[in-house]
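Data first, discussion second: the structure below is written as structure tokens.
What follows is calculated from the coordinates using simple rules that are stated; it is not laboratory data. Small disclaimer: the values here were computed from a predicted structure and weren't measured. All Cβ positions, even for glycine, are placed from backbone atoms using ideal geometry, and neighbour counts span all protein chains on display.
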């Protein structure tokens, strides 16, 4: 490693945790700000990915494969959420020709 | 080298994430999401999570994003959000809440964690089969019931998605009667 990079070369647990924290925040703000339901779903994916990154970081810190095994369960939940969520979006679109969250504010068809 | 990889791909992760939120066009947002997913896979690789990194690319960067793009194209909603925001105060509230969330999670991330030590019976690298074997061993011994339950849940989700997305005959009949184009 070159001397220039030696000072900032210690990439530890905190570095990854901070990236995960920022990623989670961007996802949360996007979920609140955007009105297109498809993009809101993408923001949920960002938040789930931030959680996965945290799991993998702690797995590395503890040298324990269980942390990585948990990621698979998060992954399955994300896949199920996308499948059902997109089906709901398609069903809503058939009825009212739009995917903006503000269009769907009544508890009736 | 570790530092270069970390900073380069962290920047890519965060740029892609901001792109998802900022792009008005849903297709651009989806492509931005792919960037983030692949960069996260590299961060996984940098932390000895080989299997998780590959699954991240196969499932997240490919399958889930293709599903998103497919629905965007199918519905023809590849346009900007229309009309003014009917609830203007929401935006300011969202940024305020975002700042609070950021402060909280950054505080948590920067803390010294009292995590103790792992039992040590499931190291990241199996001597015989590497990371893949280590993760598989944990999944199919300690977490075998969780795996079973989660697979049942996945089946239920797929069946539910088919039921929801199928065009119901009743609705179609009602629309025909009212003269609404299906």
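For segment B:1-79, the relative contact order comes to 31 percent (Cα pairs under 8 Å, sequence separation of at least 6). Computed per residue of chain A from DSSP H runs no shorter than four, each worth -39500 (n - 2.57), the mean residue ellipticity at 222 nm is -26000 deg cm²/dmol. In terms of its C-alpha gyration tensor, segment B:1-79 comes out oblate, because a/c is 1.5 or above while a/b does not outweigh b/c. Here r is the Cβ-Cβ distance between residue A:95 and residue A:74 and R0 is 35 Å; the resulting FRET efficiency, rounded to 0.05, is 0.65. Distance from the Cα centre of segment B:1-75 to that of segment A:31-68, in angstrom? Taking the Cα centre of segment A:31-68 as reference, the centre of segment B:1-75 is 11 Å away. Computed from Cα atoms alone, the Kirkwood hydrodynamic radius reported for chain A is 16.4 Å. Length gained on full extension, residue B:121 to residue B:66: 16.0 nm, using 0.36 nm per residue less the C-alpha separation.
For the residues of B:141-148, the average number of beta carbons from a partner chain within 10 Å of their own beta carbon is 2.
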